[in-house]
Every structure is written in C-alpha cells, then in structure tokens.
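Structure, as structure tokens:
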Amino acid sequence: MTRVPTVHRIALLFNANKIFDRDIIAGIGEYLTSTRASWDLFLEEDFRCRLQGIERWHGHGIIADFDDPATSAALAGVHLPVVAVGGSYAEAHNYPANVPYVATDNFKLVKLAYDHLIEAGLQHFACFSLPPADVNRWAQEREKAFETLLQRDGLRGHIYRGVGTNVVSWDTTVEQQVAWVRSLPKPVGIIGVSDARARQLLQACLCAGIAVPEQVALIGIDDDPLARILTRVPLSSVIQGTVEMGRTAAHLLHQMLHGARFPDTRILVPPAGINVMASSRHEVRHHPHVMQAMHFIRQYACQGIKTEQVADYVGVSRSSLDWYFRRELSRSVHDEILRFKLDAARQMLQHSAASIADTAVACGFTSVQYLHAVFKRELGCTPKEFQERLWRDASDEQAGHAHEPEHLYQPGHHTKPGKASKAALVMHPK
C-alpha cells in the first residue's frame with residue numbers, strides 16, 4: 001500500500017503588498033518546489049488584520065515577518081514551531097527570544113550601496129531615512145550602518161528623515177525634500193533606506209531641476225520593479241537576499257516539523273548584488289552643457305528625442321553640443337541617446353514580459369527592425385537571442401537550486417559576488 005505523505009498546514013504571516021515580503025514568499029515557494037515537503041499554505045494579503053486569535057489556529061507551523069512588534073507579541077502564546085523573518089540589529093537584545101530568526105543583513109546592504117557611491121568618485125554622502133516608528137526599526141538600523149561607515153572613513157554625512165507622505169501634505173513634503181537636497185554639498189551620493197524612499201527623492205529632484213546623477217547620485221534598497229518604471233530616470237538599487245531568506249526560513253521550519261529545535265538561532269543573509277541604473281551612474285563632468293544634456297537625455301531618451309531637442313534644451317547649437325560631448329565622452333549626442341535607449345530595452349526584456357515589438361515602442365525605437373539592428377551591432381545578438389540567453393540562465397539557476405543539499409547553512413559558505421549568496425549562521429543554537 002502506498003504511503004500518503006503528511007501534509008502540514010503552514011501559515012505565512014506577511015504583507016503581500018510589500019516587495020520585501022513577496023520575495024520571501026517566493027523563496028518559500030522555491031524551497032517547496034525543490035524538496036519533498038508537502039505544505040498547505042495559508043496566506044492573507046496583509047496578515048496584520050488577522051493577528052487576533054492566531055494562537056487558536058489549528059495548524060502545524062508559522063513563518064512570520066517580525067519587523068512589526070505586534071507580530072512577535074501576538075505569537076508569544078503560540079505553541080507551534082515558528083520561524084521569524086525580519087531585519088538585522090546591531091544590538092543583540094533587539095532580536096526576538098526563543099525563536100529562530102532569519103534576517104536581511106542591514107549593515108551589508110548599506111555598505112554595498114556606500115561602496116558603489118565611493119567607486120563612482122563621490123566624496124559627499126547623505127542618507128534619506130524615515131521618521132522613527134516601531135514598524136520601521138529596520139530604517140533606523142540602516143541609519144546606524146551609514147553613520148558607522150562614515151565614522152570609519154573619517155567622513156561627515158547628512159541624515160534626513162523628513163515626514164510620512166499623504167495627499168494633503170504632498171506638496172509641502174516635496175518642498176522640504178528639495179530644500180534639504182539643495183543644502184547638501186555637491187555632487188553628493190544619497191542612499192535611500194528603501195526604494196520607495198529613494199524614488200520619492202528622485203521625483204523631487206527631477207521636479208526641481210536637480211540633475212541626477214550629475215549633482216545627486218541616488219541608490220535605494222529593495223530592487224523593486226515598480227521603482228524602475230515609475231520615474232523618468234531609472235533607480236539603482238541594492239538587491240536584498242530575500243528569496244534566499246525565504247528558502248532558509250522554509251528549510252528551518254521543515255526541520256522543526258520533524259523534531260529539530262533552533263532556539264535563538266540567528267541567520268544573517270547578505271545582499272545578492274546591485275542593479276546599477278542611471279540614477280547612480282555618476283561621472284565627473286567638466287562642462288555644464290554636458291551635465292544639462294545628460295539630465296535631459298536620461299528623462300526623455302525613450303520618447304524618441306533627437307539631438308536638436310537636446311541642444312534646444314541646453315540652449316546651444318547642435319554642433320557645439322556635439323563638440324562638447326565628443327571632447328568629454330568620445331561620442332556624439334545621438335550616440336548617447338541611443339546608448340540610453342539600448343540600455344532601457346535590455347532592462348525591459350530582462351525584467352518584464354513585454355514583447356520585442358512593445359519594447360521597441362516603449363524605448364523609443366522607430367521600428368522592430370531598427371531595434372534588431374542596434375542589438376546586432378552593439379551586443380552581437382538579436383533581441384530574441386538576448387531573451388533566450390536570459391531564459392537559459394534562469395533555467396540553469398533554478399536547476400542549481402533544485403540540487404542544493406538539505407542541510408542547515410553553515411558559516412563561511414559563500415558564493416561569488418553577484419550570485420545568490422547562502423545565509424551565514426551567525427549564532428549557533430544553544
């Protein structure tokens with residue numbers, strides 16, 4: 001007689017409206033598809049409205065976002081295996097007690113963004129944070145990391161928390177953000193504690209005519225696809241190891257369902273890399289005409305602008321502007337427009353399900369044939385071949401995860417930068 005596998009009822013207490021939580025859920029899903037675990041998952045769009053009475057839920061285990069203190073309080077009376085997920089803390093006493101905890105490494109997130117801005121040649125730095133609140137303690141931890149890095153290097157930084165935004169105060173909030181940015185020494189590199197925060201500041205800079213990234217180089221944290229498409233200048237972002245966090249949390253709970261116990265185990269998951277976009281590609285410009293032109297090109301290249309329009313915006317002749325570009329960049333204004341459009345097309349083919357025809361239109365190419373010719377000339381492949389290469393790489397990566405050994409990740413297990421990093425176990429179970 002065939003033995004029917006045990007099916008466990010697992011509650012995922014996450015806010016599916018947040019990119020951080022969605023990626024963790026995706027990691028849990030990846031773990032389930034690559035193992036023999038049989039789970040029935042219970043998931044709300046926003047678990048916070050279902051916390052009351054959770055201690056009476058008849059299931060087998062819970063994975064929960066502990067960034068909100070209300071969650072740890074609600075689960076204190078639960079007698080089921082619980083795995084906590086959230087941000088890391090500089091002080092050990094801030095971690096929840098008696099539960100295994102899988103954390104994004106806040107210090108390494110900020111350090112990766114900081115190092116990126118350093119490599120861009122910047123010497124002034126700032127952090128755009130959030131007003132202190134129990135639900136965003138992660139933001140204060142990222143502020144601390146920013147301050148620690150500056151103190152280490154003997155630099156002085158600037159932190160601005162601002163206020164929360166709403167429809168009534170939006171205009172005033174933007175004015176305050178612009179005033180803060182204008183008060184900073186230039187050029188300046190600014191780290192947003194999240195993509196949402198960085199996108200707000202990027203929008204404020206564009207509205208005020210502050211050149212990004214020539215005067216202000218911006219980078220966020222989350223790699224949220226929405227942030228890339230909701231601003232005229234695409235936003236650079238640190239990619240959190242959230243999918244790896246989800247896989248690690250699911251692996252811990254899987255073992256706990258079979259009798260293992262990991263009280264006070266803390267696992268820090270490093271960032272997976274950086275998605276470098278136009279907002280942080282700061283390069284030293286010696287002439288203001290080039291800075292103005294680049295600012296205009298980054299916002300409107302994909303709308304099919306021509307060199308004449310860029311020259312009109314700057315207020316010089318086409319030949320003069322081309323001369324400045326060739327002297328400083330060794331390429332023409334037309335080449336720079338085309339370079340930006342090509343980069344946008346590559347990003348769109350990589351991060352969306354858009355067709356090649358839709359990509360050509362969205363990125364300002366006059367026809368699919370022209371997009372095809374530019375890809376072939378600049379990248380040595382057609383757009384379709386580019387897509388197929390991405391699909392093969394993604395399939396190879398998934399196949400690699402499917403063959404990962406089922407063991408608790410140990411300290412010192414690292415992969416090369418840019419690859420999906422395994423979690424580092426920073427405190428062993430008692």
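The values are calculated or read from the model by the stated rules, or taken from the named source; none is laboratory data. These numbers come from a predicted model, not from an experiment. Cβ coordinates were reconstructed from backbone atoms using ideal geometry, including for glycine residues, and neighbour counts include every protein chain displayed. We work out accessible area using only protein heavy atoms, side chains counted, and drop any ligands, DNA or RNA first. Shrake-Rupley method; radii C 1.70, N 1.55, O 1.52, S 1.80 Å.
Odds and ends about this structure:
- Some residue of region 89-108 being among the acidic types (Asp, Glu), farther than 27 Å from ILE28 by Cα and without any contact (Cβ under 8 Å) to a residue 40 or more places away in the chain: yes
- Among the residues listed as ILE239, ILE229, ILE190, ILE219, the single one being of a type in the set (A, V, I, L, M), open to solvent by 10 Å² or more (accessible area, probe 1.4 Å) and touching a strand residue (DSSP E or B) at 6+ places or on another chain (Cβ under 8 Å): ILE239
- Checked against (1) touching a Lys or Arg at 6+ places or on another chain (Cβ under 9 Å); (2) modelled with pLDDT under 85; (3) within 20 Å of VAL102 (Cα to Cα), GLY61 passes all but a single condition, namely (2).
- Among the residues here, VAL374 does not qualify as open to solvent by 50 Å² or more (accessible area, probe 1.4 Å), in a helix (DSSP H, G or I) and farther than 21 Å from HIS282 by Cα.
- Of all residues in region 140-160, those that are closer than 10 Å to ALA126 by Cα have Cβ atoms under 6 Å from Cβ atoms of residues that are assigned to a helix (DSSP H, G or I) and at pLDDT below 95, 6 or more apart or on another chain, in GLY157/LEU150.
- When residues in region 109-121 are screened for being farther than 16 Å from GLY220 by Cβ and not acidic (Asp, Glu), 2 of them pass.
- Condition met for GLY259 (on the phi > 0 side of the Ramachandran plot and either of a type in the set (Val, Ile, Thr) or free of Cβ contacts under 8 Å to residues at least 12 places away in the same chain (or both)): yes
This table checks each residue for (1) in contact (Cβ under 8 Å) with a residue 12 or more places away in the chain; (2) hydrophobic (A, V, I, L, M, F, W, C); (3) not in a loop (DSSP other than H, G, I, E, B).
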site: ALA301; (1), (2), (3): yes, yes, yes
site: SER320; (1), (2), (3): yes, no, yes
site: ARG326; (1), (2), (3): no, no, yes
site: GLU336; (1), (2), (3): yes, no, yes
site: PHE340; (1), (2), (3): yes, yes, yes
site: ALA344; (1), (2), (3): yes, yes, yes
site: MET348; (1), (2), (3): yes, yes, yes
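- Among the numbered conditions (1) in contact with a helix residue (DSSP H, G or I) (Cβ under 9 Å, 6 or more places away or on another chain); (2) closer than 30 Å to LEU41 by Cβ; (3) open to solvent by less than 30 Å² (accessible area, probe 1.4 Å), the only one that ASN136 does not meet is (1).
- Residue within region 354-371 that is open to solvent by 80 Å² or more (accessible area, probe 1.4 Å), at pLDDT 90 or above and hydrophobic (A, V, I, L, M, F, W, C) present: yes
- Counted residues, region 175-208 - those being free of Cβ contacts under 8 Å to residues at least 40 places away in the same chain and part of a loop (DSSP other than H, G, I, E, B): 0
- Checking each residue in region 1-18 for being modelled with pLDDT of 90 or more and not in a loop (DSSP other than H, G, I, E, B) picks out HIS8, ARG9, ILE10, ALA11, LEU12, LEU13.
- Failed item, numbered, when VAL284 is tested on (1) under 32 Å from the mean Cα position of the chain (by Cα); (2) part of a helix (DSSP H, G or I): (2)
- Checked against (1) open to solvent by less than 10 Å² (accessible area, probe 1.4 Å); (2) at positive phi, ASP195 meets all criteria but (2).
- When each of THR104, THR33, THR71 is tested for being at pLDDT 85 or above, open to solvent by less than 10 Å² (accessible area, probe 1.4 Å) and closer than 21 Å to ALA272 by Cβ, the lone residue that passes is THR104.
- Residue count, region 173-196 (criterion: of a type outside the set (A, V, I, L, M, F, W, C) and closer than 19 Å to SER280 by Cβ): 8
- Filtered by the rule that a residue be farther than 30 Å from ARG261 by Cβ, open to solvent by 60 Å² or more (accessible area, probe 1.4 Å) and of a type in the set (A, V, I, L, M, F, W, C), region 107-133 gives a lone residue, ILE118.
- Residue within region 157-164 that is hydrophobic (A, V, I, L, M, F, W, C) and crowded, with 18+ Cβ neighbours inside 10 Å present: no
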